[in-house]
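A short write-up of the structure that comes next.
The values are calculated or read from the model by the stated rules, or taken from the named source; none is laboratory data. Everything quoted here is computed from the prediction, not taken from an experiment. Note: ideal-geometry Cβ built from the backbone for every residue, glycine included; neighbour counts use all protein chains shown. Quick note on the areas: whole protein, heavy atoms, side chains included, nothing else; ligands and nucleic acids left out. Shrake-Rupley method; radii C 1.70, N 1.55, O 1.52, S 1.80 Å.
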Amino acid sequence: MDIESWGRQNPIKKESWRTVIALAYQSLGVVYGDLSTSPLYVYKSTFAEDIQHSESNDEIFGVLSFVFWTLTLIPLLKYVFIVLRADDNGEGGTFALYSLLCRYTRVSTLPNGQLADEDLYEYKNDRNLSADRIGMSLKSTLEKHRFLKKILLILALIGTCMVIGDGVLTPAISVFSAVSGLELSMAKHHHQYVEVPVACVILVFLFFLQHYGTHRLGFLFAPIVITWLLCISAIGVYNIIHWNPHVYQALSPYYMYKFLKKTQRGGWMSLGGILLCITGSEAMFADLGHFSQLSIKIAFTFVVYPSLILAYMGQAAYLSKHHVIASDYHIGFYVSVPEKLRYPVLAIAILAAVVGSQAIITGTFSIIKQCSALGCFPRVKIVHTSSKIHGQIYIPEVNWTLMVLCLAVTIGFRDTKHISNASGLAVITVMLVTTCFMSLVIVLCWHKNMLFAICFIFFFGSIEALYFSASLIKFLEGAWVPIVLSFIFLAVMYSWHYGTLKKYEFDVENKIPINWLLTLSPNLGITRVRGIGLIHTELVTGIPAIFSHFITNLPAFHQVLVFLCIKSVPVPHVRPEERFLVGRIGPKEYRVYRCIARYGYRDIHMDDSEFEKDLVCSIAEFIRSEGRGQSFEAVEDIDANERLTVIGTTSTHIDGIRICEDNRELIHVDTEMIEISSPEVPRKRVRFLVPESPQMDLSVREELQELMEAREAGMAFILGHCYVRAKRGSSLIKKLVINIGYDFLRRNCRGPTYALSFPQASTLEVGMIYHV
């Protein structure tokens, strides 16, 4: 089943319970691997240093009570019942919430946004709901102040950076905790020399497998996690019955009070270990686009949640009767496993840890792709590992960076205590960011009463702030790792975003007005040669300075000019029938067009040959529709001389123009077609098949004929190669960011995907210096 494309193309009906259960089954392997392996290290991390397990059992029962209520309030109440409803057209995660807020409040920092983007299908949901006076006041405040827009962006980037940090720390702590079961089968002074090498080998193997894609092993993920959950819940039930049937009494909140009263500061500091019981909860929301809300809710509520509660209760029941063992070894998961089952459980635990780590690594790839699409991360190589499931991606640079950092953390710390302190801070920071964004979504997007948003942020924010403070106090004991990693990634992301924004502002300030074009003759004052000249620009209006710079130095250009803008919009997906905005620049005889290709932050860009065909077909369809005087969807551009028309990809032209190249067969269409062919040329033959239309006049036919001949002659790609420098008088910080930071990233990151796919022999780069 294509779990990636489910949400948009095959919405589940209420009665389709078979499909819901199938998705719930798959979600166990993709979403809950990390959360399910948390019993491996929660008790061990909690009792690592700050508190001790005593004969009174106040500590172990207090920790159990904290774990129970934390699992109940955060994953179950907050995420399952509230946060999952805040999806962005089926997508979830930190950037999905930010995207949702950008659309409802117009706080997006994307520089080339248009009013036409608000007419997209996924943009228009629920915008007609009325907000109360306080909500409207909050909305206008956010839209007016650039400082508040930057704060929202930085919050989104911090959440993203912590997710990347989690991608480093989760594999380390999961795998290391899984192999820690070896400590019970060898001498204490030997196991530390075995655990670290074994964990490193598993981690290297895990990251090495990433370029194969998870679709080849994905069918094993759900059975592994289900086996693991059945295993820990069965062991938990056994320990409860066999050692302490009354352990359920510790679920009372009273035991939390007793715990804090007895342990005081030590108990508060140990909350950083208890926090790890909810690590992986954010995956329920981040992976929402792969499944449905109902399937994720069913999987957690009826399978994962009760299994985890039984596992934690079983461990507490066993430890409440075994104080001597706890003093000889660190309190861990494996001490509560019956001795005959330890090695089988160890094997299952390692597999479950690998699955859990795989989920967070894949999630890291996904969120970096989203950031890159929205101009907040340097361009990286994105490899699609599956032709059927489009969400399966692999980013080589990020993968090997994560592996090096993960090995460094494992070898550097060599114990779960420091790694857990680091992981806990990363986890709780992402949750705090989600809580802040959710409080805004409640008011601005759901149009609920402000009181409900205040109660939400106060209740859940207070709980998460308590855990955050307990994690932050461990700064010198490992919590510095996510802070340092986040600072580095935040500096990279903000520098790239700032430089990209300044570059676009320079383009806007120096663009050439269309009136300049109108003063020229139809030949534009230059020699027009056969072919299509494709000029890439970030501008959605006006003529880029690169064009005048080019024709000033080389006064010749192609018979058909197309100003192409490939831009991202703050929605997950753009439907194929809304892909292009096509318009004409200047009079008809100039043969100059503008084409804007729009993509969502989770869309895949088409390959070069497919894109070229769709581009030419969209222009041809625009010419035909314009000539027929057909009523088509159009939007007024900022410039009065331009009018853009919404044109879909070739696959959406049911009765529109089709293109045939190299005499290949076309898909049969049940309409009569008129073939417009060109004279024989030695290059590939191009034909337009146009539905029979008595309204097509001679000028339209001539324009289509010229476009077809230009396509046959070939297509040249003109790209700008800019050198960005801070202008004189800029502050020292701006010079450092632009001249060093952004310049270094621009020189070392990959070029745009579409630029890399252009034939090198047909590509021309025009250099310009930008003083921003």
- Message: Test of understanding: among 50, 34, which residue is over 26 Å from residue 358 (Cβ atoms) and either of a type in the set (Asp, Glu) or without any contact (Cβ under 8 Å) to a residue 60 or more places away in the chain (or both)?
- Response: 50
- Task: Might you let me know whether the range 510-527 holds any residue that is modelled with pLDDT under 80, in contact with an Asp or Glu (Cβ under 8 Å, 6 or more places away or on another chain) and among the aliphatic types (A, V, I, L, M)?
- Result: yes
- What number goes with the only condition from (1) under 32 Å from the mean Cα position of the chain (by Cα); (2) without any contact (Cβ under 8 Å) to a residue 60 or more places away in the chain that residue 261 does not pass? (1)
- Looking at the range 418-519, what helices (runs of 4 or more DSSP H) fall wholly within it and have at least 3 residues that are more than 30 Å from residue 380 (Cα to Cα)? 450-472, 514-518
- Is there a residue being touching a His at 6+ places or on another chain (Cβ under 6 Å), touching a residue at least 40 places away in the same chain (Cβ under 8 Å) and either surrounded by fewer than 23 Cβ atoms within 10 Å (Cβ to Cβ) or more than 30 Å from residue 104 (Cα to Cα) (or both) anywhere in the range 393-410? yes
- So which pairs qualify, if the first residue must be in the range 18-29 and under 9 Å from residue 292 (Cβ atoms), the second must be of a type outside the set (Phe, Trp, Tyr) and open to solvent by 40 Å² or more (accessible area, probe 1.4 Å), the Cβ gap must be under 7 Å, and the two must be at least 6 apart or on different chains? 19/12; 20/12; 20/294
- Message: Of everything in the range 257-287, what is open to solvent by 40 Å² or more (accessible area, probe 1.4 Å) and in a helix (DSSP H, G or I)? Give them in sequence order.
- Response: 257, 258, 260, 261, 262, 265, 268, 286
- Query: Looking only at the range 11-21, which residues are open to solvent by less than 40 Å² (accessible area, probe 1.4 Å) and modelled with pLDDT of 85 or more?
  - Reply: 20
- Task: Output the residue which, of all residues in the range 558-580 that are in a loop (DSSP other than H, G, I, E, B) and β-branched (Val, Ile, Thr), is farthest from residue 375 (Cα to Cα).
- Result: 574
